[in-house]
Amino acid sequence: MDSVQTTYLPPPSYLTRMADGTVKQLNPFTGSQVWTVPGRANRPLGLPQVDPSPVAPEDLGRLCAFCEQRYLDTPPEKARLVRTGEAGDAGGLVLTGVGADEVYDTTAELRRVPNLFEILSYDYWHTNYGYEMPAAARERQAAYLATSAGREHVLAVLRSRWLASGRSESDWETTPLEDRMAESTSFFAGGHDVIVARRHLVDGATTDDQLASAGTLTPDEHHAYLAFTVDALRELYEANRYAPYVAVFQNWLKPAGASFDHLHKQLVTIDERGVQTELELSRLRANPNLYNEAAVNYAGYHNLVVAENEHAIAFAGFGHRYPTLEVFSKSEQSNPWDHSPAELRAMSDLVHACHAATGARVPTNEEWHHRPRDVDLPMPWRIMLKWRVSTLAGFEGGTKIYLNTIDPWSLRDRVVPRLLELRETGAIATDLAIGSEATCAPSSLRYNGRHDDVVTQTEP
């Protein structure tokens, strides 16, 4: 009997360097094709330098609607973190139920406020799914509107939104008060929140170009920022049983989609998993070790790891439209809120270090990816920092081949020396293994519960 011939199909090559230096990339999760052409990476990064304008000390807290002297420019906050330790310390106390007449009694290091213009409004959820305002939100609304200061604040913000939406002042004045106040439900039961950091400019700034980015925070401050966001993520899932996913992202600077040059994250409750997750799931079902083999292992074999610590690893990503730093949690837990304090801190330290190495003048999107609530497969929590240093144009639109101006190795070579400098000065966590110091152990991600006996593919 003839033996059965088995055809072996090797795994795809996600990175191919052509003879002329062109790097062709394939995203292992989405299938996106990306090219980096020699010479295009020499373009300068970041926003062009402009002549800075002096900022008077009395204006430091009033530069935008997110600033600390303009708390009442935003809808009623859901929570705030106030400092209880020394400057730069992560220690803090979370306050909820702060009334309009109490907002200036404390200084908020972080605030969680509803987005004035929600992507999916409360009415969307109520009309399409029968979603009702949770009892806790209803009680908070009643308490806030029970004071004259609370009612005046809500009406002022509602009026601003009304006029910004193109409706007239006369219509506002003739609309019954009860109908106007009914629109405030979205402020208390909505699913689109903003996490606002205290500073617009760095402490002691004298000119308007000294912006406070995620990388200018101390490691302790960034840890508080990330943990506060994770807690908000958990609460949004608990508040809406119809939502399979909550998108978390940070747009830094206007070219990256920011409305204000003031550090903030956004959380958006949505009723779909998202295209990214759907594309990943089909591959994940075929290979439960996908994120190790096609991401972290592959990056390690190609010397793309930029930093590592006990519970997380960061590398120069491949197959992205923009230069991307990827930070993966090694935790067994898929949900960010189920991570241990040490695991949360490890993720924060690596994300913070990547932001610090990027610099405050580079427009950047921070994207969080985690397992949707209705997915039955384990998935690692990972955060991507995408440098918005190029503009998609006709070539990309016509071919769906994207031109990324910086290949992964060039990105690594920009970031690693900067991380070493920052570690030396203590500006980032000092326990990071950087570049060649990283162990890059195969299949270091433990999300799939098979890390003790998993057999991994080898990549030369």
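Yes or no, residue by residue, for (1) open to solvent by 10 Å² or more (accessible area, probe 1.4 Å); (2) at pLDDT below 95:
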| residue | (1), (2) |
| --- | --- |
| Gln250 | no, no |
| Phe260 | yes, yes |
| Leu263 | no, no |
| Glu278 | yes, yes |
| Ala286 | yes, yes |
| Tyr291 | no, no |
| Ala294 | no, no |
| Gly300 | yes, no |
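Among the residues of segment 419-429, is any at positive phi and more than 22 Å from the chain's Cα centre (by Cα)?
Within segment 419-429, the subset at positive phi is 426.
Subsequent filtering for residues that are more than 22 Å from the chain's Cα centre (by Cα) retains 426.
Yes, that holds for at least one residue.
How many of the residues making up segment 331-348 are in contact (Cβ under 8 Å) with a residue 40 or more places away in the chain and touching a strand residue (DSSP E or B) at 6+ places or on another chain (Cβ under 6 Å)?
1
For residues that are in a helix (DSSP H, G or I) and open to solvent by 70 Å² or more (accessible area, probe 1.4 Å), tally how many sit in segment 409-450.
Filtering segment 409-450 down to residues in a helix (DSSP H, G or I) leaves 409-425, 435-437.
With open to solvent by 70 Å² or more (accessible area, probe 1.4 Å) added as a condition, the list becomes 413-414, 418, 420-421, 424-425, 436-437.
Result for segment 409-450: 9.
Taking Glu109 as meeting all but one of (1) under 30 Å from Thr84 (Cα atoms); (2) of a type in the set (D, E, K, R); (3) more than 30 Å from the chain's Cα centre (by Cα); (4) not in a loop (DSSP other than H, G, I, E, B), write down the number of the exception.
(3)
Please identify the pairs in which a residue from segment 198-210 that is more than 24 Å from Leu226 (Cβ to Cβ) has its Cβ atom under 7 Å from the Cβ atom of a residue that is outside any loop (DSSP other than H, G, I, E, B) and open to solvent by 60 Å² or more (accessible area, probe 1.4 Å), counting only partners at least 6 apart or on another chain.
Cβ pairs passing all conditions: Thr206/Pro54; Thr207/Pro54.
When you look at Gln276, is it more than 30 Å from Thr36 (Cα to Cα) and either out of contact with any Pro (no Cβ under 7 Å at 6 or more places or on another chain) or not in a helix (DSSP H, G or I) (or both), yes or no?
On the way: more than 30 Å from Thr36 (Cα to Cα): no; either out of contact with any Pro (no Cβ under 7 Å at 6 or more places or on another chain) or not in a helix (DSSP H, G or I) (or both): yes.
Against the criterion (more than 30 Å from Thr36 (Cα to Cα) and either out of contact with any Pro (no Cβ under 7 Å at 6 or more places or on another chain) or not in a helix (DSSP H, G or I) (or both)), Gln276 does not qualify.
Please go through segment 309-345 and give me each residue that is part of a helix (DSSP H, G or I) and either open to solvent by 10 Å² or more (accessible area, probe 1.4 Å) or on the phi > 0 side of the Ramachandran plot (or both), ordered by number.
First, the residues of segment 309-345 that are part of a helix (DSSP H, G or I): 336-338, 341-345.
Listed by number, the residues that qualify are Trp337, Asp338, Pro341, Ala342, Glu343, Leu344, Arg345.
Kindly list, by first and then second residue, each pair from a residue in segment 305-328 that is more than 15 Å from Ala346 (Cα to Cα) and hydroxyl-bearing (Ser, Thr, Tyr) to a residue that is modelled with pLDDT under 95 and surrounded by 24 or more Cβ atoms within 10 Å (Cβ to Cβ), limited to pairs with Cβ atoms under 8 Å and residues at least 6 apart or on different chains.
Pairs found: Tyr322/Asn404.
With the checklist (1) among the hydroxyl-bearing types (Ser, Thr, Tyr); (2) in a helix (DSSP H, G or I); (3) open to solvent by less than 20 Å² (accessible area, probe 1.4 Å) in hand, flag the one item Ser282 doesn't pass.
(3)
Is it the case that segment 171-188 has a residue that's assigned to a loop (DSSP other than H, G, I, E, B) and surrounded by 20 or more Cβ atoms within 10 Å (Cβ to Cβ)? Explain how you work it out, then say what you get.
Just the residues of segment 171-188 that are assigned to a loop (DSSP other than H, G, I, E, B), to begin with: 175-176, 183-184.
Subsequent filtering for residues that are surrounded by 20 or more Cβ atoms within 10 Å (Cβ to Cβ) retains 184.
Yes, there is a match, as at least one residue in segment 171-188 is assigned to a loop (DSSP other than H, G, I, E, B) and surrounded by 20 or more Cβ atoms within 10 Å (Cβ to Cβ).
Only residues in segment 417-437 that are over 13 Å from Gly359 (Cβ atoms) count as the first member; pair them with residues that are open to solvent by 70 Å² or more (accessible area, probe 1.4 Å), Cβ under 6 angstrom, at least 6 apart or cross-chain, and list the lot.
Arg423/Thr430; Ile434/Leu420
Name the single residue that is surrounded by the most Cβ atoms within 10 Å (Cβ to Cβ) among those in segment 90-118 being in contact (Cβ under 8 Å) with a residue 24 or more places away in the chain and acidic (Asp, Glu).
Glu109
Quick one: which residue in Asp208, Asp193 is open to solvent by less than 10 Å² (accessible area, probe 1.4 Å), under 30 Å from the mean Cα position of the chain (by Cα) and charged (D, E, K, R)?
Working: Asp208 fails: open to solvent by less than 10 Å² (accessible area, probe 1.4 Å).
Selected residue: Asp193, the only one of Asp208, Asp193 that is open to solvent by less than 10 Å² (accessible area, probe 1.4 Å), under 30 Å from the mean Cα position of the chain (by Cα) and charged (D, E, K, R).
If you take the residues of segment 388-408 that are of a type in the set (A, V, I, L, M, F, W, C) and open to solvent by 10 Å² or more (accessible area, probe 1.4 Å), which of them is farthest from Glu343 (Cα to Cα)?
Phe395
When only residues in segment 119-153 that are part of a loop (DSSP other than H, G, I, E, B) and free of Cβ contacts under 8 Å to residues at least 24 places away in the same chain count, which is surrounded by the fewest Cβ atoms within 10 Å (Cβ to Cβ)? Working first, answer last.
Quick first cut of segment 119-153, residues part of a loop (DSSP other than H, G, I, E, B) only: 119-121, 130-134, 146-147.
Going one step further and asking which of them are free of Cβ contacts under 8 Å to residues at least 24 places away in the same chain, we end up with 130, 132, 146.
Values: Gly130: 8, Glu132: 12, Ala146: 10.
Taking the candidates together, the pick is Gly130.
Give segment 211-242 a look and list any residue that's within 30 Å of Ala135 (Cα to Cα), of a type outside the set (Lys, Arg) and open to solvent by 30 Å² or more (accessible area, probe 1.4 Å), or say none. Walk me through how you get there before you give the answer.
Filtering segment 211-242 down to residues within 30 Å of Ala135 (Cα to Cα) leaves 224-242.
Add one more test, that the residue is of a type outside the set (Lys, Arg), and what stays is 224-233, 235-240, 242.
Across segment 211-242, the qualifying residues are Ala227, Asp231, Glu235, Glu238, Ala239, Tyr242.
Restricting to segment 156-180, name every residue that is among the aliphatic types (A, V, I, L, M), closer than 16 Å to Thr74 by Cα and out of contact with any Pro (no Cβ under 8 Å at 6 or more places or on another chain).
Of segment 156-180, the ones among the aliphatic types (A, V, I, L, M) are 156-158, 163-164, 177.
Next cut, closer than 16 Å to Thr74 by Cα only: 156-158, 163-164.
Passing the criteria: Ala156, Leu158, Leu163, Ala164.
Give me the pairs: first residue in segment 390-401 and among the hydrophobic types (A, V, I, L, M, F, W, C), second residue outside any helix (DSSP H, G or I), beta-carbon distance under 8 Å, and six or more apart or on different chains, which are they?
Hits for this filter: Leu392/Arg321; Leu392/Tyr402; Phe395/Ile401; Phe395/Leu403; Ile401/Gln33; Ile401/Val34; Ile401/Trp35.
Inside segment 15-31, can you point out the residues that are open to solvent by 60 Å² or more (accessible area, probe 1.4 Å) and in a strand (DSSP E or B)? Steps first, answer last, please.
Looking only at segment 15-31, we keep the residues that are open to solvent by 60 Å² or more (accessible area, probe 1.4 Å), and these are 17-20, 24.
Selection gives Arg17, Lys24.
Assess whether Glu152 counts as being of a type in the set (Asp, Glu), modelled with pLDDT under 95 and more than 30 Å from Ala429 (Cα to Cα). Reasoning before the result, please.
On the way: of a type in the set (Asp, Glu): yes; modelled with pLDDT under 95: no; more than 30 Å from Ala429 (Cα to Cα): yes.
Taking the combined requirement at face value, the residue does not satisfy it.
When you scan segment 325-341, do you find a residue that is of a type in the set (Ser, Thr, Tyr), under 25 Å from Pro417 (Cβ atoms) and modelled with pLDDT of 95 or more, even just one?
Of the residues in segment 325-341, the ones of a type in the set (Ser, Thr, Tyr) are 329, 331, 334, 340.
If we keep only those that are under 25 Å from Pro417 (Cβ atoms) as well, we get none.
No.
May I ask you to verify whether Gly39 is modelled with pLDDT under 95 and open to solvent by less than 10 Å² (accessible area, probe 1.4 Å)?
On the way: modelled with pLDDT under 95: yes; open to solvent by less than 10 Å² (accessible area, probe 1.4 Å): no.
Spelling it out, it is not the case that Gly39 is modelled with pLDDT under 95 and open to solvent by less than 10 Å² (accessible area, probe 1.4 Å).
The values are calculated or read from the model by the stated rules, or taken from the named source; none is laboratory data. All values derive from a computational prediction rather than experimental measurement. Please note: Cβ atoms are built from the backbone with ideal geometry, for glycine as well, and neighbour counts cover all protein chains shown. Please note that ligands, DNA and RNA were not included when accessible areas were found on the heavy atoms of the full protein model with its side chains. Shrake-Rupley method; radii C 1.70, N 1.55, O 1.52, S 1.80 Å.
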